[in-house]
Structures are given as C-alpha cells and as structure tokens.
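Asker: Below are the structure tokens for one structure; questions will follow.
The values are calculated or read from the model by the stated rules, or taken from the named source; none is laboratory data. Values in this document were obtained by computation on a predicted structure and should not be read as measured data. Because the Cβ atoms are built from the backbone with ideal geometry, glycine has one as well, and the counts that use them run over all protein chains shown.
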Amino acid sequence: MPQSTRSTIQNCRWHSYRNPVVLAQAAVQEILRAARAAINARGVFRIVLAGGSTPRKVYEALRTEDTDWRCWQIYFGDERCLPPDHDERNSYMAALAWLDHVDIPDKQIHAIPAELGAADAAESYAHVVDSIALFDLVLLGLGEDGHTASLFPHHDLGNVSDAPSTLAVFDAPKPPPQRVSLSARRLSAAREVMFLVTGSSKAQAVADWRAGSPIPASFIVPEGGVDIYIEEASA
Ligand code: 6PG
C-alpha cells in the first residue's frame, strides 16, 4: 500500500510534562474544560477515547471528577477484534478504569462491536458515527512506529476527503491483527484532538513526527490543529 500523500499541513502544539502523572492531570483538566464548553454550547459532549495503555491514568483520574456525566457521549477511536470482556479490549480497559465508575448512561457508551469481526464491525460502527458532523474531543495515542488508533504505516489511512468513517484492518502489525479504526478523515472531523504520548519507546516516532515524516499520526489534521501531551522521556 503506497504511503498516503498528505494534502493538509498538520498544526501541532507540543505540551511537555516531566512524568505521566503530571501529564494525566493536565490532560484531565483540558478534557473537563472541553466538556464544559461543549455542554454549555450544545448540551452534549462527544468524546472519542484512545486505546492502548497510555490513557489509563487519565481515565482513572476522570473517575472522581465532577461533571454532568448525563451529557457525555463516549465513542472509541479503534478497537481490537476480541471478545467484549477481553483484557486487551480498549472498551474493557476504559470501563474498568473509568466508565463503570461514573453515571454515564450505558446507551451513551458506544463501543465498537469488534467481536463481530473487522468487516461487520466497521460497517456497523460507521452507522453510529456518520451522523456526527464534529466530535468535540478526540483522544489518540502514538505507537512506536508512528501509528495512531489502528492506522498503521503502509496501510490505508482513510485520509482522503471521501474516505469512509471506519476502516476494517486485517493485518495490523500490532496484535491482534484484526481491528476496527476510525479513519484519519473521521478522526480529523473534531473540534479538538489531543494526543497522549509517554515513554522513551516513543522517542523515535516523535522525532520522525517533528522532522515532518509522514507517520500515520501526522494525517490527523483537524482545522484547529492538534495538541500533543508528551512526557519529557518521549520528546
Ligand atoms: C491500540 C491503540 C493504539 C495505541 C498505541 C499506543 O488499540 O493499540 O489504539 O493506537 O494508542 O499503540 O499504545 P500504548 O498507549 O499502549 O503505548
């Protein structure tokens, strides 16, 4: 798969923190600010959650925060094709760390039905997100190879203007091989995008990103730019 060509320049704002705890505290305050703004303006806060392990501290910290959870609508940027209660499911991690502990109505937590298999789950989830013009906030991680969500190097990133909202992935280099991802185009249709990056293992991907390499994370191009919350060890 040829590397996608990037038609839009990504405006990056880098926010560096000395450790994951301080980074998570800053991220939580920004998430709550975005939620207040969205709820005040439209009565609803639509947030897309990141997978992987990095966001866990942020989700655990949100558990005890005071906000109008009834206005929160939860979506997922990607999901691994595993049973819903599998330890490696992104939705399962978010539930254990946070969602099971707050009063967001179950019908407002829109998990990707990845247990159906990549193709069926991608088709099903597209119907969930296609009606949303803009997410209020998208949270994303960064892989050591520069991937984000389940958008991997040398794979279709879904970054063109008519790309579908969701992509079925069958050969992900990060296990499990079968996944569902929101496309780069869909992830970019957001008022705010926040990357969460910790650990020295991400340093090369960050260096490539800063040098302008076309890593998948660089194809997330919301009009308002992206905010990258990065631990010093990753910088
Ligand atoms: C996934 C994630 C993936 C993740 C990065 C970083 O399902 O694997 O969505 O994009 O965010 O791989 O993972 P860590 O946070 O575990 O380093």
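Asker: Just to be sure I understand, how many residues within the stretch 11-58 are under 13 Å from Glu192 (Cα atoms) and of a type in the set (S, T, N, Q)? Steps first, answer last, please.
Answerer: First, pick out the residues of the stretch 11-58 that are under 13 Å from Glu192 (Cα atoms): 11-13, 27, 30-35, 37-38, 45-49.
Applying the additional criterion that residues be of a type in the set (S, T, N, Q) yields 11.
The total comes to 1.
Asker: A further question follows. Out of Pro214, Pro173, Pro177, report the one residue that is under 26 Å from Ile74 (Cβ atoms) and either free of Cβ contacts under 8 Å to residues at least 40 places away in the same chain or outside any helix (DSSP H, G or I) (or both). Give the steps one after another, and end with the answer.
Answerer: Working: Pro214 fails: under 26 Å from Ile74 (Cβ atoms); Pro173 fails: under 26 Å from Ile74 (Cβ atoms).
Being under 26 Å from Ile74 (Cβ atoms) and either free of Cβ contacts under 8 Å to residues at least 40 places away in the same chain or outside any helix (DSSP H, G or I) (or both) holds for just one of Pro214, Pro173, Pro177, which is Pro177.
Asker: Given the conditions (1) buried (at least 23 other Cβ atoms within 10 Å of the Cβ); (2) closer than 28 Å to Val28 by Cα; (3) of a type in the set (A, V, I, L, M, F, W, C), which single one is not true for Ala233?
Answerer: Result: Ala233 passes all but (1).
Asker: Taking only pairs six or more apart or across chains, which ones have beta-carbon atoms under 7 Å, a first residue in the stretch 50-62 that is without any contact (Cβ under 8 Å) to a residue 60 or more places away in the chain, and a second residue that is assigned to a helix (DSSP H, G or I) and within 8 Å of the ligand (Cβ to nearest atom)?
Answerer: none
Asker: Here is a further query. Testing Val206 on (1) among the β-branched types (Val, Ile, Thr); (2) assigned to a helix (DSSP H, G or I); (3) over 30 Å from His86 (Cβ atoms), one condition comes back false. Which one is that?
Answerer: In the conditions (1) among the β-branched types (Val, Ile, Thr); (2) assigned to a helix (DSSP H, G or I); (3) over 30 Å from His86 (Cβ atoms), Val206 misses (3) alone.
Asker: Please enumerate the residues belonging to the stretch 41-75 that are out of contact with any helix residue (DSSP H, G or I) (no Cβ under 6 Å at 6 or more places or on another chain) and within 16 Å of the ligand (Cβ to nearest atom).
Answerer: Hits for the stretch 41-75 are Ile47, Val48, Ala50, Gly52, Ser53, Thr54, Pro55, Ile74, Tyr75.
Asker: Filter the stretch 189-204 down to the residues that are out of contact with any strand residue (DSSP E or B) (no Cβ under 6 Å at 6 or more places or on another chain) and either near the ligand (Cβ under 10 Å from one of its atoms) or touching a residue at least 60 places away in the same chain (Cβ under 8 Å) (or both) and list them by number.
Answerer: Arg191, Gly199, Ser201, Lys202, Gln204
Asker: Could I ask something else about it? Of Ala168, Ala163, which residue is in a loop (DSSP other than H, G, I, E, B), more than 14 Å from the chain's Cα centre (by Cα) and at pLDDT 95 or above? Steps first, answer last, please.
Answerer: Working: Ala168 fails: in a loop (DSSP other than H, G, I, E, B).
Testing whether each residue is in a loop (DSSP other than H, G, I, E, B), more than 14 Å from the chain's Cα centre (by Cα) and at pLDDT 95 or above leaves just Ala163.
Asker: Sticking with this structure for a sec: Going residue by residue through the stretch 162-178, is there one that turns out to be of a type in the set (D, E, K, R), within 15 Å of the ligand (Cβ to nearest atom) and crowded, with 16+ Cβ neighbours inside 10 Å?
Answerer: Looking only at the stretch 162-178, we keep the residues that are of a type in the set (D, E, K, R), and these are 162, 171, 174.
Add one more test, that the residue is within 15 Å of the ligand (Cβ to nearest atom), and what stays is 171, 174.
With crowded, with 16+ Cβ neighbours inside 10 Å added as a condition, the list becomes none.
Checking the stretch 162-178: not a single residue is of a type in the set (D, E, K, R), within 15 Å of the ligand (Cβ to nearest atom) and crowded, with 16+ Cβ neighbours inside 10 Å.
Asker: I would also like to ask the following. Conditions first: (1) among the β-branched types (Val, Ile, Thr); (2) surrounded by fewer than 18 Cβ atoms within 10 Å (Cβ to Cβ); (3) in a strand (DSSP E or B). Val128 passes all but one, so which condition is the exception?
Answerer: (3)
Asker: Same structure, new question: For the stretch 138-161, name all the residues that are more than 10 Å from the ligand (Cβ to nearest atom) and either polar (S, T, N, Q) or touching a His at 6+ places or on another chain (Cβ under 7 Å) (or both).
Answerer: Pro153, Asn159, Ser161
Asker: For the stretch 217-235, which positions are within 20 Å of Tyr17 (Cα to Cα) and in a loop (DSSP other than H, G, I, E, B)?
Answerer: Hits for the stretch 217-235 are Gly225, Ala235.
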